[in-house]
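A.B. asks: Pasting a structure here, questions to come.
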Amino acid sequence: MAVRADLPARLPLFPLPGALMLPRARLPLHIFEPRYLAMLEDVLKTPGRLIGMIQPADDAGERLHQIGCAGRVTSFTETEDHRYMITLTGISRFRVGTPEDGFTPYLVAPVNWDGFERDLGPSETDPGFNRKPFLKLLARYFDVTDLRTDWESLDEADDELLVNSLAILLPFSTEDKQALLEAPSLTTRRETLVALMEFELASQSSGGTEDKMQ
């Protein structure tokens, strides 16, 4: 488990729309762009092996959201064509400062870890989580979005693993992913997840009704 003293004052940043990193969760990534290959090589030389995952705040990628999440490189495999498959394990969220003008081809920025002390603690629980109706809603969502999953694994996962894995994997918009990242607790993240699924179901239902009326 990381402690506050281990966290650096600046991080290399990997802006990636729709890619959500959460504390204690795992995020697989395919690294192939030259600037991010350079970033990975530099990161692997550092004690913490931390990368700051953050989402762009506009389509052009010129602005960044203020909150991201640092992940530690916990596994990596080089392919025959010199690309990398890596896994990041989430450590803590952060607030990002103004990116520095430097000599690296990738972004580096000062970061502030204040307010995210809970991220460094044990797994969160969700006392109000009623799993049965949640999984029923999830099944409806998977049906209308034509997604598939291993239901046995979902049923066996603990609260945090279930909620955070779905937040990472489900195909929500960048802004929706950011809302899930910024949720202050596991309970509010689960509530946000439910709201997003219900909104998608309502949209699909409304669209289907309109099609029949035309």
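A.B. asks: Just to be sure, is residue 11 surrounded by 19 or more Cβ atoms within 10 Å (Cβ to Cβ), in a strand (DSSP E or B) and modelled with pLDDT of 95 or more?
C.D. replies: yes
A.B. asks: With the checklist (1) free of Cβ contacts under 8 Å to residues at least 60 places away in the same chain; (2) part of a helix (DSSP H, G or I); (3) surrounded by 11 or more Cβ atoms within 10 Å (Cβ to Cβ) in hand, flag the one item residue 132 doesn't pass.
C.D. replies: If we test residue 132 against (1) free of Cβ contacts under 8 Å to residues at least 60 places away in the same chain; (2) part of a helix (DSSP H, G or I); (3) surrounded by 11 or more Cβ atoms within 10 Å (Cβ to Cβ), just (3) comes out false.
A.B. asks: Would you confirm, using the coordinates I've provided, whether residue 192 is under 30 Å from residue 54 (Cβ atoms) and outside any helix (DSSP H, G or I)?
C.D. replies: No; evaluated as a whole, the condition is false for this residue.
A.B. asks: Only one of these conditions is not met by residue 124: (1) part of a helix (DSSP H, G or I); (2) buried (at least 18 other Cβ atoms within 10 Å of the Cβ). Which number is it?
C.D. replies: (1)
A.B. asks: Sticking with this structure for a sec: Which of the residues spanning the stretch 22-35 are in contact (Cβ under 8 Å) with a residue 60 or more places away in the chain and hydrophobic (A, V, I, L, M, F, W, C)?
C.D. replies: 22, 25, 27
A.B. asks: If a residue has to be farther than 21 Å from residue 183 by Cα and either assigned by TED's automatic domain parsing to the domain that holds residue 189 or in contact with a strand residue (DSSP E or B) (Cβ under 9 Å, 6 or more places away or on another chain) (or both) to count, how many in the stretch 22-34 make the cut?
C.D. replies: 5
A.B. asks: Something else: Quick check on this structure: which one of 19, 70, 38, 60 is surrounded by 14 or more Cβ atoms within 10 Å (Cβ to Cβ) and either without any contact (Cβ under 8 Å) to a residue 12 or more places away in the chain or part of a strand (DSSP E or B) (or both)?
C.D. replies: Result of the check over 19, 70, 38, 60: 70.
Okay, residues lined up against (1) within 26 Å of residue 182 (Cα to Cα); (2) among the acidic types (Asp, Glu); (3) at pLDDT below 95; (4) in contact with an Asp or Glu (Cβ under 9 Å, 6 or more places away or on another chain):
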residue	(1), (2), (3), (4)
1	yes, no, yes, no
5	yes, no, yes, no
44	no, no, no, no
92	yes, no, no, yes
97	yes, no, no, no
102	no, no, yes, no
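A.B. asks: Condition check: surrounded by 14 or more Cβ atoms within 10 Å (Cβ to Cβ), under 25 Å from residue 42 (Cα atoms) and in contact (Cβ under 8 Å) with a residue 12 or more places away in the chain. Does residue 111 satisfy that?
C.D. replies: Spelling it out, residue 111 is indeed surrounded by 14 or more Cβ atoms within 10 Å (Cβ to Cβ), under 25 Å from residue 42 (Cα atoms) and in contact (Cβ under 8 Å) with a residue 12 or more places away in the chain.
A.B. asks: Please go through the stretch 114-161 and pick out each residue that is among the hydrophobic types (A, V, I, L, M, F, W, C) and either in contact with a helix residue (DSSP H, G or I) (Cβ under 6 Å, 6 or more places away or on another chain) or at pLDDT below 90 (or both).
C.D. replies: 129, 137, 144, 147, 151, 154, 157
A.B. asks: For the stretch 73-98: of the residues being of a type in the set (S, T, N, Q) and surrounded by fewer than 16 Cβ atoms within 10 Å (Cβ to Cβ), which is nearest to the chain's Cα centre (by Cα)?
C.D. replies: Among residues in the stretch 73-98 that are of a type in the set (S, T, N, Q) and surrounded by fewer than 16 Cβ atoms within 10 Å (Cβ to Cβ), the one nearest to the chain's Cα centre (by Cα) is 87.
A.B. asks: Now for a separate question. Cβ-Cβ under 9 Å, sequence separation 6+ or interchain: first residue in the stretch 143-162 and under 20 Å from residue 25 (Cα atoms), partner among the small types (Gly, Ala, Ser) and in a loop (DSSP other than H, G, I, E, B). Which pairs?
C.D. replies: 158/123; 159/123; 160/25; 160/123; 161/25; 161/123
A.B. asks: Hey, could you check the stretch 167-203 for residues that are surrounded by fewer than 17 Cβ atoms within 10 Å (Cβ to Cβ) and among the polar types (S, T, N, Q) and say which is nearest to residue 118 (Cα to Cα)?
C.D. replies: 185
The values are calculated or read from the model by the stated rules, or taken from the named source; none is laboratory data. Owing to the predicted nature of the structure, the values given are computational and were not obtained by experimental measurement. Using ideal geometry, Cβ is built from the backbone for each residue, glycine included, and neighbour counts are taken over all protein chains shown.
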